[in-house]
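Asker: Next up is a structure, given as structure tokens.
The values are calculated or read from the model by the stated rules, or taken from the named source; none is laboratory data. Just so we're clear, the structure is a prediction, and the values are computed from it rather than from any experiment. Glycine gets a Cβ as well: all are built from the backbone with ideal geometry, and neighbour counts include every protein chain shown.
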Amino acid sequence: MPGMHDRNTAVIDVLPATADRPRVMYRYAGDRFLLVEYGEMVLDLTMNFRIFGLNDTVKKAELDGLVETVPALRSILIHYDSRRLPTHMLVDTLKKMEETVPPGENLNIPSRRVELPIAFSDRWTRADIERYVKYTRQDAPNIVNGHNIEYIAQYNGLRSVQAVIDYICATEWWNACIGFWPGLPFMFPLDPRYAIVTPKYNPTRPWTPEGAVGIGGPCVAIYPVQSPGGYQLFGRTIPIFDLKQRNPAFKMNPILLKPADRIQWVPVSDAELESIREKVYDGTYRYKIVAYEALNVKSYLGFLDSIKSEIAAFQQRQAEAVKHVAIP
Amino acid sequence: MFEVLEGGIQTTVQDYPGRVGYLDLGTYPAGPMDHFAFRVANLLVGNAQGAAALEVTAGGLKARFQDRRAVAITGADMQPTLNGKPVPLWESVGVGPDDMLELKIVRGAGFRAYVAVSGAFDVPEYMGSRATFTVGGFGGFEGRGLKKGDRVLLNRAGAPDRMIGRRLRTNARPQYGSQWEIEAMRGPQADPDYMTAEDMEFFFSHAWKVDRNSNRMGVRLESHKWQWARTSGGVAGGHPSNILDDGYAVWTVNVCGDQPIILVADGPSLGGFICNATLIYASTWKVGQLVPGRDTIRFKEVTIDQATQLAGSVDETIAESSIERG
């Protein structure tokens, strides 16, 4: 590899892959940020688990000059003061840490379990989808009977709307990272037997209600505030962002979720959701969050191994279904 | 008390370095677009360099003071006046009850002016900062730009006389023009894996026009037909600018499809597009002074060592040793 001080190089250093871990690349992102990147560009949650392993190791090291870290799917962006912590020293430290990050099998990631009520195919997302049909695109194939949820069923080879609901509630959703907008989670199913996928809106939707929940590709997101959006909507949940911090859950800051949270969906009716949302804002609702849990990667990998054939069966069913479904 | 008679195009309360430490919760730092002029304004009136002060974008601010203060205006020349009489830039002046400050719409070089008042603006801290985050609508004064009728509190301050008539040495003042050279470093996603060497050569030699549609979230440059080193983004999407989402460095150049966008103070913290270059600490202030729809940028490539050196000289300039008495 080119040396540290050469011009014309974005990559500072590379650690080739070993049996225990993927390739690691260290990339310049100006003189205040550095990007650590794992492996090839594939969507693989075990890579994301290792990111959290490294993230914990970096944070615990309390390096002088480290400002903050931003874990994402297969990378960590490190914000640092290069005058206090010279880049080559930071890279050397990070390289050494790769020897101390526990390999996947021994990794225990601190992870909160967060239960969120959700009204599926609710009237609020229904209203914005109706507006989309009226003002943006009349013949959108991803809108069936006034909502996206039936299209999600078709696209994944599921028999009914109820089957989509069952699938979404059958797995915990791993919050791999937060970003783009304050508090917006990027979540993936921990049980790949229920890993539904969808294409995105085309064109995007000018309106999405706050608390709407949708899926784009394999990723589920919650809209923290009313905003435009491109994900296929399937329901609405309670606030995950509250500027006015009206509930004890927002005492520290207006953002509910953290990276490495596991989200479990609990179906409720529109009326129930409305009443819970009122209690969130009058401060009496208690968010159902179990802190101090951990995700044990070893037992998780064992679980994945035990369901291999079922994962393959669902993927095959999806591949067959997609052939008969129009893309937006 | 600072009484707003006209808010102007966009006037926000900011502090420096802004809301640092929340990138992993999706929150960019906000803070001034031009930290150099911002910090100097505070220094001139005897505040801490990071204290809450005003960022006046494009001009049009009109406001009245209620008590005796030292005030300094830095940055773009918006022909500031106090009770109709011209006020010098980069220099602290005294104001008293009922004095009226006016900044006109900017016409020459530069795009943002900063107004610091001794004692500093007293707005509540939100997530550890007083900076206005325009996208999220929080921080600063009620999470928004100032408008007619707003009454912004000022902290109590001692007798301002000692802080009046201080000015930044002429040779320490930045020069604004319409053709900018902005230092940047290659990466994180550049050649050879994402773009071709020719793409990067073009990036570092072309005079990029700043798009009209630029703001505190992003400064857009013109679209370009890149060669790209890849034919698609693979699992991340059909276009070669797509990647699996990464955290975005503040002041990075994000290439969305064909269009480069400099992600600035209130930008998105994470996303699925490559960033082919990143501005350095010593050059980011220039972005705050770019006039949308008119100015051009040439990016000058620097090494990490050069960047560190330049960073030191910026901080050394924003210091008491650069101040002289009028």
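Asker: Just to verify a result, which residue in the range A:52-86, among those that are hydroxyl-bearing (S, T, Y) and buried (at least 21 other Cβ atoms within 10 Å of the Cβ), is farthest from the other protein chains (Cβ to nearest Cβ)?
Answerer: Ranking the qualifying residues of the range A:52-86, first place goes to A:Y80.
Asker: Out of the residues in the range A:1-51 that are at pLDDT 95 or above, assigned to a loop (DSSP other than H, G, I, E, B) and buried (at least 17 other Cβ atoms within 10 Å of the Cβ), state the one that is farthest from the other protein chains (Cβ to nearest Cβ).
Answerer: A:R32
Asker: Somewhere in the range B:45-64, is a residue of a type in the set (D, E), part of a loop (DSSP other than H, G, I, E, B) and either within 14 Å of chain A (Cβ to nearest Cβ) or under 15 Å from the mean Cα position of the chain (by Cα) (or both)?
Answerer: There is no residue in the range B:45-64 that is of a type in the set (D, E), part of a loop (DSSP other than H, G, I, E, B) and either within 14 Å of chain A (Cβ to nearest Cβ) or under 15 Å from the mean Cα position of the chain (by Cα) (or both).
Asker: Condition test on B:T308, is it outside the structural domain of B:G59 (by TED's automatic domain parsing) and surrounded by 24 or more Cβ atoms within 10 Å (Cβ to Cβ)?
Answerer: no
Asker: Quickly run through the range A:123-147 and pick out the residues that are over 14 Å from A:G229 (Cβ atoms) and touching a Leu at 6+ places or on another chain (Cβ under 8 Å).
Answerer: Selection gives A:H147 alone.
Asker: With the checklist (1) at pLDDT 95 or above; (2) within 30 Å of B:P29 (Cβ to Cβ); (3) part of a loop (DSSP other than H, G, I, E, B) in hand, flag the one item A:P182 doesn't pass.
Answerer: The single condition A:P182 does not satisfy is (1).
Asker: Continuing with this model, one more query. Go over the candidates B:D77, B:D67 one by one and state the one that is in the same structural domain as B:A157 (by TED's automatic domain parsing), surrounded by fewer than 24 Cβ atoms within 10 Å (Cβ to Cβ), farther than 24 Å from B:I105 by Cβ and acidic (D, E).
Answerer: Result of the check over B:D77, B:D67: B:D67.
Asker: Sort out which residues of the range B:250-267 are facing another protein chain (nearest Cβ under 7 Å) and either at positive phi or in contact with a Lys or Arg (Cβ under 7 Å, 6 or more places away or on another chain) (or both), and write them in order of number.
Answerer: B:W251
Asker: Of the residues that make up the range A:204-216, is at least one within 11 Å of chain B (Cβ to nearest Cβ), part of a strand (DSSP E or B) and not basic (K, R)?
Answerer: yes
Asker: Out of the range B:27-47, which residues are within 27 Å of A:L243 (Cβ to Cβ) and aliphatic (A, V, I, L, M)?
Answerer: Passing the criteria: B:A30, B:M33.
Asker: Let me ask you something else. Which residues, taken from the range A:274-302, are closer than 30 Å to A:E105 by Cβ and touching a residue at least 60 places away in the same chain (Cβ under 8 Å)?
Answerer: Listed by number, the residues that qualify are A:I289, A:V290, A:A291, A:Y292, A:E293, A:A294, A:L295, A:N296, A:V297, A:K298, A:Y300, A:L301.
Asker: Here's another thing I want to ask about it. Checking A:Y300 against (1) part of a strand (DSSP E or B); (2) farther than 27 Å from A:S121 by Cα, only one condition comes out false. Which one?
Answerer: (1)
Asker: Out of all the residues in the range B:234-249, which are within 10 Å of another protein chain (Cβ to nearest Cβ), without any contact (Cβ under 8 Å) to a residue 12 or more places away in the chain and on the phi < 0 side of the Ramachandran plot?
Answerer: B:V235
Asker: Would you call A:T100 β-branched (V, I, T) and surrounded by fewer than 20 Cβ atoms within 10 Å (Cβ to Cβ)?
Answerer: yes
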